[in-house]
Amino acid sequence: MLQKPRNRGRSSGHAERVRDASQNSRAPRDCVAEEAPSTSRGPGGTQGARGSSPQGARRSLAAPTVGPRTQKQLELKVSELVQFLLIKDQKKIPIKRADILKHVVGDYKDIFPDLLKLAAERLQYVFGYKLVELEPKSNTYILINTLEPVEEDAEVRGDQGTPTTGLLMIVLGLIFMKGNTIKETEVWDFLRRLGVYPTKKHLVFGDPKKLITEDFVRQRYLEYRRIPHTDPVDYEFQWGPRTNLETSKMKVLKFVAKVHNQDPKDWPAQYCEALADEENRARSQPSGPAPSS
C-alpha cells in the first residue's frame with residue numbers, strides 16, 4: 001500500500017490525481033513506511049472565500065449560489081479546457097480569454113483561474129506544452145513547445161525530444177508507484193482523466209493504444225504481457241530494459257514528485273527503493289580503465 005505523502009505545502013490539483021492513481025500501490029518488501037497524513041483537498045478546496053461586503057451580498061441575492069463541484073466535475077471541465085486549447089493551437093492563432101469563457105468555462109467562471117492553472121499543468125507535464133499569456137494583461141494565450149527543456153528539467157523528465165515523452169513518463173511513474181507492475185486497465189482508468197482514451201485518436205499522441213502497447217513495447221521501454229486466468233482478458237505493464245538503461249527509479253520518482261509539488265522523500269518506500277537502485281548502479285559501474293600490461 002503506497003503511503004500518502006506528508007504535506008510540504010499546498011499540492012497542485014494535478015498532483016492529487018496522480019496521488020489518487022497510486023494510492024493502492026504495493027510497497028517494496030524491503031522498505032516499510034509508516035502511514036502519513038493525506039494532503040488531498042476536498043471537492044470545494046479550489047474555491048475562494050466569498051466577500052461579505054454589501055455589494056457582494058446584493059450579488060448573492062441576484063443570482064443563486066454556486067455549490068461545490070465534485071472532483072469528477074472538475075476533472076471533466078479541466079479535460080474539456082485542455083482539449084479546447086490543443087484544438088485552437090492547431091491554427092497557431094492566439095487564444096482569447098473571452099473565447100475560453102464563452103465556449104468552455106460556462107458557469108465555472110468563479111473558479112476560472114484554478115481551472116486554467118490545472119489545465120496548464122496538464123499541458124506541460126503530459127503534452128509538453130507551456131501555456132503563456134502572449135503579452136501582460138492581454139488576456140490572450142498561446143502554447144509553447146517545451147521539447148527543448150533546460151538541463152535541469154531534462155534530467156527530471158528524461159526528455160528525448162519527442163511529444164510522446166510526457167506520456168511515457170506518466171506510464172513509467174504509474175508502474176513504479178504501483179510496485180513495478182500495473183494492470184493495463186488501471187493505466188487507462190488514469191489516462192482517461194487526462195483526456196487520453198484507448199479507442200480515440202488524440203491530437204498530440206495519435207493512436208494512444210498503439211503508442212503504448214506497440215510502439216513503446218517495440219522500443220523496449222515497456223514490457224507488455226497477458227495476465228493468466230483473467231476473465232475478461234487483462235494485460236500488465238512493467239519497465240522494459242531500455243528504460244533501465246536511459247533513466248532510473250530515482251529520476252522517475254523525481255518526475256512524480258515534481259507533478260505532486262512534493263519532495264521524493266515524501267514517499268519513503270519508493271525513495272528507499274530508488275536509493276537502493278542508485279547504489280546498485282554505482283557498484284555496477286566500472287571504476288576505471290583496466291591497467292595495460
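The values are calculated or read from the model by the stated rules, or taken from the named source; none is laboratory data. Bear in mind that the values here come from a model prediction, so they are computed numbers and not experimental data. Note that we place each Cβ from the backbone using ideal geometry, even for glycine, and neighbour counts take in every protein chain shown. In case anyone asks, the SASA skips ligands and DNA or RNA and just uses the protein heavy atoms, side chains included. Shrake-Rupley method; radii C 1.70, N 1.55, O 1.52, S 1.80 Å.
Laid out as a table, the results:
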read-out: Selection count where residues are open to solvent by 20 Å² or more (accessible area, probe 1.4 Å) and either touching a residue at least 60 places away in the same chain (Cβ under 8 Å) or not aliphatic (A, V, I, L, M) (or both), scope the range 265-281; value: 11
read-out: So Val196, is it touching a strand residue (DSSP E or B) at 6+ places or on another chain (Cβ under 8 Å) and modelled with pLDDT under 90; value: yes
read-out: Of all residues making up the range 185-201, the number that are surrounded by fewer than 19 Cβ atoms within 10 Å (Cβ to Cβ) and not in a helix (DSSP H, G or I); value: 5
read-out: Residue list for the range 203-232, restricted to those being in a loop (DSSP other than H, G, I, E, B), open to solvent by 70 Å² or more (accessible area, probe 1.4 Å) and without any contact (Cβ under 8 Å) to a residue 24 or more places away in the chain; value: Asp207, Gln219, Arg220, Pro228, His229, Asp231, Pro232
read-out: Whichever residue in the range 233-273 is of a type in the set (Asp, Glu) and either part of a helix (DSSP H, G or I) or closer than 15 Å to Thr165 by Cβ (or both) and, among such residues, is modelled with the highest pLDDT; value: Glu273
read-out: Residue selected from the range 76-108 under the condition at pLDDT 85 or above and acidic (Asp, Glu), by the criterion nearest to Phe127 (Cα to Cα); value: Glu80
read-out: Residues of the range 207-246 satisfying the condition of being at positive phi and in contact with a Ser or Thr (Cβ under 9 Å, 6 or more places away or on another chain); value: Arg220
read-out: Conditions (1) open to solvent by less than 80 Å² (accessible area, probe 1.4 Å); (2) under 18 Å from Leu172 (Cβ atoms); number of the one not met by Arg242; value: (1)
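Residue-by-condition table, conditions (1) surrounded by 13 or more Cβ atoms within 10 Å (Cβ to Cβ); (2) at pLDDT 75 or above:
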| site | (1), (2) |
| --- | --- |
| Gln124 | yes, yes |
| Gly128 | yes, yes |
| Pro136 | no, yes |
| Ala154 | yes, no |
| Arg157 | yes, no |
